[in-house]
Amino acid sequence: MKKILNTTTLFLVLIAIVSSSCNNLSPEKTFEIAGLNSNLLSRFGGKEINEKLQSEPQVYDENQKKMTPSSYYDAFKYDIKNLEARFQTIKDIAEDDDNKQFLQASKDLFAYAIAKQKEGYLPIAKMKDEKASDEQIQKAIADFDASTQKDIDAKFSKLMNEAKAYVEKHNINAKIGI
């Protein structure tokens, strides 16, 4: 499992480096970065939080070159940091009339999700680290979902609609789940 996490982390870093070094991208590459990266947010909210709270919290230790045990708070922070790196690759894509709507929808989704994860995921992770009761944690997760689900769903729908139009316009072979 740790080897898979290490490989995944290195792969994500390589994608971020390659993606950020490209400024004038093909429509396919633009779709890959701004559209497919949204899959990282597909479990946003209670489902993702609960899943992460059920696993051993880990972060990547650069000195040891491997995943190491951590607090839940640090593990969630680490995941947010990786999400911010992906977001930066989207922001690095040069906007033009052709991709502007699509990129704006992607940026809007990522900006919202990252902000809400910082506001909601981190306090819940801290609760877990401080050994709050399961009832308290589940209430915090339910409150988080209640306050974010409508907006995240709307942002996802907007991105999927923009992605579908972009894919059709450029004849990119992709299935868009709306």
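Read the figures in this text as sums done on the coordinates, not as results from a lab. Everything numeric here is computed off the predicted structure, so don't read it as measured data. A quick note on method: Cβ atoms are made from the backbone with ideal geometry, for glycine too, and the neighbour counts reach across all protein chains shown.
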- Query: Under unit Cβ charges (Lys, Arg +1; Asp, Glu -1), what dipole magnitude, rounded to 20 debye, does the chain have relative to its Cα centre?
  - Reply: 300
- Item | Amide H contacts of residue 66 (H built 1.01 Å from N, under 5 Å, at least 5 apart or other chain) | 61
- Of 137, 33, 90, which is the most mobile in a GNM of the chain whose springs link Cα atoms less than 10 angstrom apart? 137
- Task: Rank the residues 70, 147 as a footprinting-exposure proxy: fewest other Cβ atoms within 10 Å of their Cβ go first.
- Result: 147, 70
- Query: Summing -39500 (n - 2.57) over the DSSP H runs of n ≥ 4 in the chain and dividing by its residue number, what mean residue ellipticity at 222 nm do you reach, to the nearest 500 deg cm²/dmol?
  - Reply: -22500 deg cm²/dmol
- Quick one: order 30, 68 by neighbouring beta-carbon count within 10 Å, fewest to most. 68, 30
- Item | Exposure proxy order (Cβ contacts within 10 Å, fewest to most) of 43, 86 | 43, 86
- Note on the structure: For the chain, averaging the sequence separation of alpha carbon pairs under 8 Å that lie six or more residues apart and dividing by its residue count, the contact order in percent is 28
- Cβ under 13 Å from residue 75's Cβ, residue 75 left aside: what net charge do those residues give with Lys, Arg +1 and Asp, Glu -1? -2
- Query: Across every pair of different alpha-carbon atoms, what Kirkwood hydrodynamic radius in Å does the chain reach?
  - Reply: 17.4
- Which links in 52/150; 29/65; 65/175 stretch past 26 Å when you go from one Cα to the other? 29/65; 65/175
